[in-house]
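Presented below is the structure to which this report refers.
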Amino acid sequence: MTAPTLTKDLTAPATAATGRPPQPAATRRLPAVARSGARRAGRGIWASGAIVLFLLLWELGPTYLATASTRVFLPPLHEVLRALGSLIAKGQLQNHLAASLTRSASGFGIAVVFAVALGLLVAWYRSLDRFLNPLLEVFRNTAALALLPVFTLLLGIGETSKISIVAYAAFFPVLLNTIAGVRTVDPLLVRAARSLGLSNFRLFLKVILPSAVPTIFTGIRMAGTSSILVLIAAEMVGAKAGLGYLIVNAQSSFLIPDMYAGILTVSLLGLLVNYLLVAVERHFSRWRTAVGSQSN
Amino acid sequence: MTRGAGPTPKISLRNVGKQFTVRPSKDQPEGSTLTALEGITLDVAAGEFITLVGPSGSGKTTLLDLLAGLTRPDAGQVLVDGKEVTGPGRDRAVVFQQYALFPWRTAAANVAFGLEGTGSDGRRLSRRERADKARHYLELVGLSGFEDRYPHELSGGMKQRVAIARSLAYEPDVLLMDEPFAALDAQTREQLQEELLRIWRSTGKTIIFITHGIDEAVYLGQRVAVLSSRPGRLKQIVDIDLGERSGDRDVRSDAVFIEHRHKVWSLLHDEVRKAQEAGHAKIRPDGSAPDEAPQLSKRQPSKGQLSKGRAA
């Protein structure tokens with residue numbers, strides 16, 4: 001508002017003196033704003049370009065490029081979206097989603113609580129680390145899905161086995177990152193706290209834990225992603241509800257658009273969970289220089 | 001002023017020695033012992049400001065650790081108020097070169113850190129009392145209005161001010177400062193030296209200040225203790241009397257200052273040369289000394305080494 005009047009005041013005498021047409025600062029600034037806006041919009045288009053192209057290919061490819069038999073197994077996007085809409089309208093999708101979310105949230109929650117607790121103990125007590133580390137390495141390198149039959153045999157095909165396998169898969173990223181977080185505490189801070197005469201317990205509570213929190217949250221984010229992954233697979237093998245069941249069941253019932261609707265839901269759910277966990281992680285690490293200087 | 005020989009000195013070092021066992025390495029498969037300090041005897045009166053200079057690797061930081069109670073001496077005694085130091089305590093505060101602020105706490109919360117939990121009188125401060133104290137001490141170091149800033153939002157000089165405020169906040173009698181201004185630029189350093197003198201005068205703390213700057217040592221200290229090259233012994237104590245230094249007078253260009261400065265310089269000069277010839281370098285917290293290229297002015301605590309030794 002004030003800028004144009006100001007520039008007019010400033011440039012008017014200058015024009016009178018030199019006789020040259022003035023070039024107000026506002027008009028010089030306007031293209032700059034427009035240019036940066038356009039640049040941002042351009043970057044936005046470029047960033048979503050790949051997605052848009054992919055969706056276009058999905059929509060047009062089956063109709064124009066694929067043979068008739070392939071088209072049955074790869075329906076164009078609008079058919080999948082229609083199937084998704086009707087699944088939502090019938091309330092089926094919500095039921096499957098709720099079943100999956102309950103399982104992954106419980107398994108994930110159990111894993112986080114136990115992994116953080118064990119991680120803190122292992123990082124604090126060297127002897128416990130030496131004792132447990134070989135076993136933990138063996139378990140960590142055994143793919144969770146390889147153990148799925150064991151879980152099913154021992155715990156049945158009910159909720160227990162699914163929650164357990166999710167907990168198992170989410171356990172290790174959190175555990176390892178908790179250990180790393182505690183180990184990489186700046187020794188100078190420990191020294192400073194010691195010079196204040198802090199007891200071990202309070203040192204742990206006031207220095208080691210808070211400084212390990214960002215690393216722990218990195219582990220939690222990784223665990224979130226893998227807990228969904230493993231759950232879907234578990235639901236595909238034996239379940240009566242859940243997104244994994246929806247996908248497999250739709251396939252065997254030859255409801256191909258429904259199957260794709262399930263897959264689409266899974267990937268959207270994964271994106272959403274990751275986004276939320278990144279936001280939480282950022283919140284807890286905002287004191288870190290790199291993150292802090294970016295967000296401020 | 002009683003110079004050390006008073007009835008009960010605030011701090012008394014009696015024939016203090018400290019050795020480190022160096023872990024076996026490729027060059028020395030048996031390991032060895034490194035004598036960091038030997039036969040240090042020094043009395044510091046209450047309210048005195050004493051500075052400590054010495055060549056790299058002469059055990060300055062080791063001496064400070066002993067005073068702070070972070071390590072115990074192998075020989076002799078370290079007494080504070082006539083009582084032997086057995087561990088860290090709230091009667092002494094340490095200010096580190098690298099600030100050691102807790103990055104997840106705001107400036108005010110950092111200052112309040114030492115106030116949490118039961119104090120020396122067995123009383124817990126309420127949240128409000130802690131905040132008041134934090135504000136008061138931030139004001140004392142000239143940082144009013146920065147209470148809610150995180151350390152990464154502060155400059156080096158401001159961080160060190162917060163660290164000093166944190167040390168003052170729980171009201172120790174003794175301030176132990178380990179090259180606190182070494183990482184700052186010259187202007188900020190001078191400014192903080194001025195502030196430190198002001199704080200010292202207004203609070204009457206006993207200050208032991210380690211530095212490798214001769215100017216800084218002469219400017220700040222009432223006495224300058226010069227340590228010899230390793231093993232660190234007390235070579236000489238130089239009394240500094242710069243007279244009245246009120247006003248904006250440039251004390252550093254006074255003839256008296258230059259004379260004192262030269263005295264400390266010549267005492268230190270031989271030791272620095274000896275240390276360099278022997279290739280002494282900074283003693284690491286785990287007791288080893290790299291002793292690689294002779295380094296004098298810049299100390300670089302190697303991070304990797306530190307974290308190995310202390311993290312767990």
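Key figures for this structure:
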{"quantity": "Verdict on A:Val190 being assigned to a helix (DSSP H, G or I) and of a type outside the set (Gly, Ala, Ser)", "calculated": "yes"}
{"quantity": "Complete set of residues in segment A:70-122 that are buried (at least 16 other Cβ atoms within 10 Å of the Cβ), among the β-branched types (Val, Ile, Thr) and within 20 Å of A:Ser252 (Cα to Cα)", "calculated": "A:Val80"}
{"quantity": "Unique residue being within 22 Å of A:Phe284 (Cα to Cα), within 14 Å of another protein chain (Cβ to nearest Cβ) and among the polar types (S, T, N, Q) when the list is A:Ser195, A:Ser227, A:Ser211, A:Ser199", "calculated": "A:Ser211"}
{"quantity": "Criterion violated by B:Glu139 - all others in (1) surrounded by fewer than 22 Cβ atoms within 10 Å (Cβ to Cβ); (2) part of a loop (DSSP other than H, G, I, E, B) satisfied", "calculated": "(2)"}
{"quantity": "Residue list for segment A:123-137, filter: under 18 Å from A:Val207 (Cβ atoms) and crowded, with 17+ Cβ neighbours inside 10 Å", "calculated": "A:Ala123"}
{"quantity": "Those residues of segment B:180-236 which are over 19 Å from B:Glu271 (Cβ atoms), under 17 Å from the mean Cα position of the chain (by Cα) and among the basic types (Lys, Arg), in sequence order", "calculated": "B:Arg189, B:Lys205"}
{"quantity": "Enumeration of residues in segment A:267-290 that are assigned to a helix (DSSP H, G or I) and either of a type in the set (D, E, K, R) or crowded, with 20+ Cβ neighbours inside 10 Å (or both)", "calculated": "A:Glu281, A:Arg282"}
{"quantity": "Index of the failed condition, A:Asp186 passing every other in (1) under 28 Å from A:Val280 (Cα atoms); (2) surrounded by 24 or more Cβ atoms within 10 Å (Cβ to Cβ)", "calculated": "(2)"}
{"quantity": "Of residues in segment B:67-88 being facing another protein chain (nearest Cβ under 10 Å) and without any contact (Cβ under 8 Å) to a residue 60 or more places away in the chain, the one surrounded by the fewest Cβ atoms within 10 Å (Cβ to Cβ)", "calculated": "B:Gly87"}
{"quantity": "Failed item in (1) part of a loop (DSSP other than H, G, I, E, B); (2) touching a Gly at 6+ places or on another chain (Cβ under 9 Å), with A:Ala261 passing the rest", "calculated": "(1)"}
{"quantity": "In segment B:89-126, residue nearest to B:Leu140 (Cα to Cα) [restricted to those that are within 12 Å of chain A (Cβ to nearest Cβ) and polar (S, T, N, Q)]", "calculated": "B:Asn110"}
{"quantity": "Failed criterion for B:Leu64 (all others in (1) in contact (Cβ under 8 Å) with a residue 12 or more places away in the chain; (2) more than 14 Å from chain A (Cβ to nearest Cβ) hold)", "calculated": "(2)"}
{"quantity": "Selection count where residues are modelled with pLDDT of 80 or more and of a type in the set (Gly, Ala, Ser), scope segment B:12-38", "calculated": "3"}
{"quantity": "From the options B:Ala165, B:Ala134, residue that is within 14 Å of chain A (Cβ to nearest Cβ), surrounded by 19 or more Cβ atoms within 10 Å (Cβ to Cβ) and not polar (S, T, N, Q)", "calculated": "B:Ala165"}
{"quantity": "The one condition in (1) over 17 Å from A:Ser106 (Cα atoms); (2) free of Cβ contacts under 8 Å to residues at least 60 places away in the same chain that A:Leu145 fails to fulfil", "calculated": "(2)"}
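Conditions tested, residue by residue: (1) over 23 Å from A:Ala167 (Cα atoms); (2) in contact with a strand residue (DSSP E or B) (Cβ under 9 Å, 6 or more places away or on another chain); (3) buried (at least 19 other Cβ atoms within 10 Å of the Cβ); (4) not assigned by TED's automatic domain parsing to the domain that holds A:Asn274.
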{"residue": "A:Arg194", "(1), (2), (3), (4)": "yes, no, yes, no"}
{"residue": "A:Ile220", "(1), (2), (3), (4)": "no, no, yes, no"}
{"residue": "A:Leu229", "(1), (2), (3), (4)": "no, no, no, no"}
{"residue": "A:Glu235", "(1), (2), (3), (4)": "no, no, yes, no"}
{"residue": "A:Lys240", "(1), (2), (3), (4)": "no, no, no, no"}
{"residue": "A:Tyr245", "(1), (2), (3), (4)": "no, no, yes, no"}
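The values are calculated or read from the model by the stated rules, or taken from the named source; none is laboratory data. Keep in mind it's a predicted model, so treat the numbers as computed, not measured. Neighbour counts are summed over all protein chains in view; Cβ atoms, including those assigned to glycine, are modelled from backbone coordinates with ideal geometry.
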